[in-house]
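The values are calculated or read from the model by the stated rules, or taken from the named source; none is laboratory data. The structure displayed is predicted, hence computed values, not measured ones. No Cβ is skipped: glycine too gets one built from the backbone with ideal geometry, and neighbour counts run over all protein chains shown. For accessibility, only protein heavy atoms count, side chains too; no ligands or nucleic acids. Shrake-Rupley method; radii C 1.70, N 1.55, O 1.52, S 1.80 Å.
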Amino acid sequence: MPFFNIIYVENVEKATSLVVDNLEEELKLGNLNSLGLATGSTMIPFYTSIVETNLDFSQVIAFNLDEYVGLDSSHKNSFAFFMHEHLFSKKHFKETNIPNGLSLDKKLECARYEKKLDEHPIDIQLLGVGENGHIAFNEPGTPFDALTHVAELSDSTVHVNSQYFEANENMPTQAFTMGIASILKAKKIILLAFGEKKRAAIDALLGDIITEQWPITVLKKHPHVTLITNIKR
Ligand code: GLP
């Protein structure tokens, strides 16, 4: 039987402590060798809490979901920069992985990343969700069998994420992203979704339909998902 657990929380702090407790447990059991991480504002309180704990990730390999094409780790809006700032500069991991936004051979970079993922299967993948139901940068319409690839960002995603870029700066419209099939390879998935802006995506997830138009609905096919949310239905 698939495990699909929904935990309603009053606030982000409660969600954060549940995830931290869960990671602590899995670390103790020796079940956490490879951890999938995400970017986005949803993840910041969680990383802040992790940094404050004495949890030891020195034997854990981290994988991030995605990276903008064309941005390197010194660009303040790159996901590599985000991860360094919020987590990796403060917590030691055995190894951290994120697609190289500056790769000239994009196909090769995608293949390299997918191979690395296969070598270190993800035990727990943390996920957020976009307002249009995207996971990582798998936009509506992405085939469910997609592996790591270069995605064209939707108008909705560009609109939402451009708030982080300067007015005179063009935000990238492409990104390297783990595909939906790459994400589904994770043994366990923890999805965090907070606030009314995510309601449509959560409604789609908790409804009856599984459709490529709402990438998040594919999680219903995964054997072990925990949704932690403050969105009451
Ligand atoms: C980006 C990331 C996603 C993330 C989403 C939501 O588009 N590629 O992985 O889930 O943003 O971000 P936020 O948490 O800021 O709402």
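Collect the residues in the range 68-86 that are in a loop (DSSP other than H, G, I, E, B), closer than 17 Å to residue 136 by Cα and free of Cβ contacts under 8 Å to residues at least 60 places away in the same chain, keeping them in residue-number order.
Once the filter is applied, which keeps residues that are in a loop (DSSP other than H, G, I, E, B), closer than 17 Å to residue 136 by Cα and free of Cβ contacts under 8 Å to residues at least 60 places away in the same chain, the range 68-86 yields only 78.
Find all pairs meeting these conditions: Cβ atoms under 8 angstrom apart; at least six residues apart or on different chains; first residue within the range 159-171 and touching a residue at least 12 places away in the same chain (Cβ under 8 Å); second residue open to solvent by 100 Å² or more (accessible area, probe 1.4 Å).
171/164
For the range 25-57, give me the residue count where each residue is in a helix (DSSP H, G or I), surrounded by fewer than 16 Cβ atoms within 10 Å (Cβ to Cβ) and away from the ligand (no atom under 16 Å from the Cβ).
Total meeting the criteria: 4.
Among the residues of the range 182-199, how many are closer than 15 Å to residue 63 by Cα and part of a strand (DSSP E or B)?
Residues flagged as closer than 15 Å to residue 63 by Cα and part of a strand (DSSP E or B) within the range 182-199 amount to 3.
Having 2 or more residues that are modelled with pLDDT of 95 or more and either of a type in the set (S, T, N, Q) or within 10 Å of the ligand (Cβ to nearest atom) (or both) is the bar; report the strands (runs of 3 or more DSSP E) wholly within the range 103-181 that clear it.
Output list reads 124-127, 174-177.
Cβ-Cβ distance below 9 Å, separation of 6 or more or different chains: which pairs start in the range 200-216 with a residue that is within 20 Å of residue 154 (Cα to Cα) and end on one that is open to solvent by 70 Å² or more (accessible area, probe 1.4 Å) and assigned to a loop (DSSP other than H, G, I, E, B)?
200/214; 201/214; 202/233; 204/213; 204/214; 205/214
Look at the range 67-95 and say how many of its residues are within 16 Å of the ligand (Cβ to nearest atom) and open to solvent by 10 Å² or more (accessible area, probe 1.4 Å). Explain how you work it out, then say what you get.
Pass one, the range 67-95, residues within 16 Å of the ligand (Cβ to nearest atom): 67-71, 75-83, 85-87.
The next check asks that each one be open to solvent by 10 Å² or more (accessible area, probe 1.4 Å); those that pass are 69-71, 75-77, 79-82, 85-86.
Residues in the range 67-95 being within 16 Å of the ligand (Cβ to nearest atom) and open to solvent by 10 Å² or more (accessible area, probe 1.4 Å): 12 in total.
Quick grid of which residues meet (1) hydroxyl-bearing (Ser, Thr, Tyr); (2) within 29 Å of residue 2 (Cα to Cα):
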{"residue": "153", "(1), (2)": "no, no"}
{"residue": "157", "(1), (2)": "yes, no"}
{"residue": "167", "(1), (2)": "no, no"}
{"residue": "176", "(1), (2)": "no, no"}
{"residue": "182", "(1), (2)": "yes, yes"}
{"residue": "185", "(1), (2)": "no, yes"}
{"residue": "194", "(1), (2)": "no, yes"}
{"residue": "199", "(1), (2)": "no, yes"}
{"residue": "210", "(1), (2)": "no, yes"}
